[in-house]
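The values are calculated or read from the model by the stated rules, or taken from the named source; none is laboratory data. It should be emphasised that the depicted structure is a prediction, and the values quoted were computed from it without experimental measurement. Backbone-built Cβ (ideal geometry, glycine too); neighbour counts: all protein chains shown.
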Amino acid sequence: MAEERLLSGAVLRADIAWLEKNGLEVAVRDRLPPDTQALLDHPPLPMSWVPARHIDALLDAVLQIGGEDKLLQLGEETTQASFGPVLRPLLRTLVSLFGASPAALFSRIDSALAVFLKGASFTYEARGDREGVLHLRTVDRPLLAFHLQWKGTLRFTFDVANAKGAVNSCVVDPDGRGAVYSVSWT
């Protein structure tokens with residue numbers, strides 16, 4: 001695992017596009033440190049790597065301004081609109097190889113996310129035929145907003161699997177280096 005969390009430039013670009021679409025760019029920008037503001041002014045190339053602290057700051061600003069619902073909306077909508085074209089074929093391949101259940105996708109999500117995220121990993125533990133928990137571990141201590149945002153992002157898996165499901169909870173580990181997400185579907 002990397003020594004620090006890194007996210008692809010594509011993640012930052014997707015977040016910036018979402019802020020613009022939702023009229024939050026100025027309000028969020030005003031809450032960011034100068035070096036993160038500079039990245040909003042001159043976003044990196046999509047395939048470059050950005051220290052996660054910049055995206056954490058952006059997510060935290062969205063949480064402060066719009067609350068958890070707005071943060072989950074960002075996670076879900078950026079995944080569908082921006083990463084869907086990349087992730088959907090990867091996840092569809094997993095579906096064809098291992099089945100269309102969310103469990104099959106969740107158990108292999110770590111490999112699909114490696115294109116966008118370094119310094120963090122997911123593992124899945126089934127808790128029945130239609131429920132389980134995802135464990136996220138990171139090399140550092142992200143802001144709460146990073147962990148919460150995954151509740152929205154992980155909803156994409158249900159879409160790919162053609163299942164109605166929910167990310168029921170997010171419990172951050174006491175050491176702040178991870179979280180546990182309870183998932184279920186019909």
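On the stretch given as the range 162-186, residues that are in contact (Cβ under 8 Å) with a residue 40 or more places away in the chain and either under 17 Å from the mean Cα position of the chain (by Cα) or under 14 Å from Arg127 (Cβ atoms) (or both) total 10.
Restricting attention to the range 59-74 and to residues that are buried (at least 23 other Cβ atoms within 10 Å of the Cβ) and either under 17 Å from Leu39 (Cβ atoms) or small (Gly, Ala, Ser) (or both), the residue that is farthest from the chain's Cα centre (by Cα) turns out to be Val62. Among the residues that make up the range 139-157, is at least one of them under 16 Å from the mean Cα position of the chain (by Cα), among the basic types (Lys, Arg) and at pLDDT below 90? No, the range 139-157 has no match at all.
Sort out which residues of the range 151-167 are farther than 16 Å from Ser107 by Cβ and either touching a Lys or Arg at 6+ places or on another chain (Cβ under 9 Å) or surrounded by 14 or more Cβ atoms within 10 Å (Cβ to Cβ) (or both), and write them in order of number. The answer is Lys151, Gly152, Thr153, Arg155, Asp159, Ala166.
On inspection, Val139 qualifies as surrounded by fewer than 19 Cβ atoms within 10 Å (Cβ to Cβ) and either of a type in the set (Ser, Thr, Tyr) or closer than 15 Å to Arg5 by Cα (or both).
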